[in-house]
Amino acid sequence: MAFTIAIDGPAAAGKGTVSRAVAAHFGFAHLDTGLLYRATGRRTLDGTDPVEAAHALQPADLEADDLRTSEIAQAASRVATNPDVRKALLDFQRAFARRAGGAVLDGRDIGTVICPEAEVKLFVTASDEIRARRRWNELREKGHDDSLEDVLSELRQRDERDSARADAPLRPADDAVLLDTSRMSIDEAIAAAISVIEDRMKA
């Protein structure tokens with residue numbers, strides 16, 4: 001049986017952590033769709049055409065250990081504004097979403113564009129400052145020396161680019177449940193998401 005959970009939201013809001021935990025809880029497959037754009041963006045840093053990079057993606061590209069760097073995050077946001085890149089990655093995401101056994105996809109346009117018929121839609125968000133500090137701490141743990149101010153500035157630039165793009169802008173689906181994690185612990189955010197999903201399953 002196919003059952004799709006679409007989880008959207010801006011960077012560092014907690015959607016990835018929530019998505020992985022939700023998938024594990026229900027035994028569903030999980031796809032971080034942002035990795036598709038990060039891997040595509042990574043390929044463009046050597047001058048490769050974005051659309052060519054998207055078509056050439058291999059599963060191994062999603063395993064690269066530098067996909068979480070600020071440089072690649074910015075590259076991902078740039079290629080994501082290209083409608084032809086999004087089209088190249090669309091079929092893969094939709095097929096994954098309707099696989100047997102259930103699927104959780106997280107990204108920025110899952111509930112609005114990729115899976116508008118998803119059984120459950122969540123939009124995970126948090127304040128700019130909270131998200132920037134989370135991303136800053138994450139980068140520090142990996143040995144990066146970006147300043148908190150720079151991380152906040154880059155995050156806001158990315159939010160603006162993602163929200164303003166003409167094709168599949170970042171926004172909650174009309175029927176998405178908003179989950180603001182600003183004042184939540186990881187466990188509280190995960191529990192809240194699971195509660196919403198279980199209620200939908202019962203309905």
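Every number here is computed from the coordinates shown, using simple stated rules; none is lab data. Being a predicted model, the structure only gives us computed values, none of them experimental. No Cβ is skipped: glycine too gets one built from the backbone with ideal geometry, and neighbour counts run over all protein chains shown.
Values for this structure:
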read-out: Among 31-43, 56-68, 164-176, the order from most to least packed when residues are scored by Cβ within 10 Å on average; value: 31-43, 164-176, 56-68
read-out: Exposure proxy order (Cβ contacts within 10 Å, fewest to most) of Ser195, Ser70; value: Ser195, Ser70
read-out: Spin-label pair Ser182/Glu119, simplified geometry with 7 Å Cα→Cβ offset, distance in nm; value: 3.3 nm
read-out: Net charge, Ser77 excluded, C-beta distance under 14 Å - Lys, Arg +1, Asp, Glu -1; value: +4
read-out: Estimated distance in nm for a label pair at Phe92 and Met1, the labels positioned 7 Å out from Cα along Cα-to-Cβ; value: 3.0 nm
read-out: For segment 1-63, alpha-carbon Rg and Dmax in angstrom; value: 14.0, 42
read-out: Length-normalised contact order of the chain in % [C-alpha pairs under 8 Å, at least 6 apart]; value: 33 percent
read-out: Two-decimal log10 I(q)/I(0) for segment 29-141, as the Debye equation yields it once each C-alpha is a single scatterer, q = 0.10, 0.11, 0.12, 0.13 Å⁻¹; value: -0.32, -0.38, -0.46, -0.54
read-out: Rg to Rh quotient for segment 4-202, alpha carbon positions, Kirkwood Rh; value: 0.94
read-out: Order of Phe28, Phe92 - criterion: other Cβ atoms within 10 Å of each residue's Cβ, fewest first; value: Phe92, Phe28
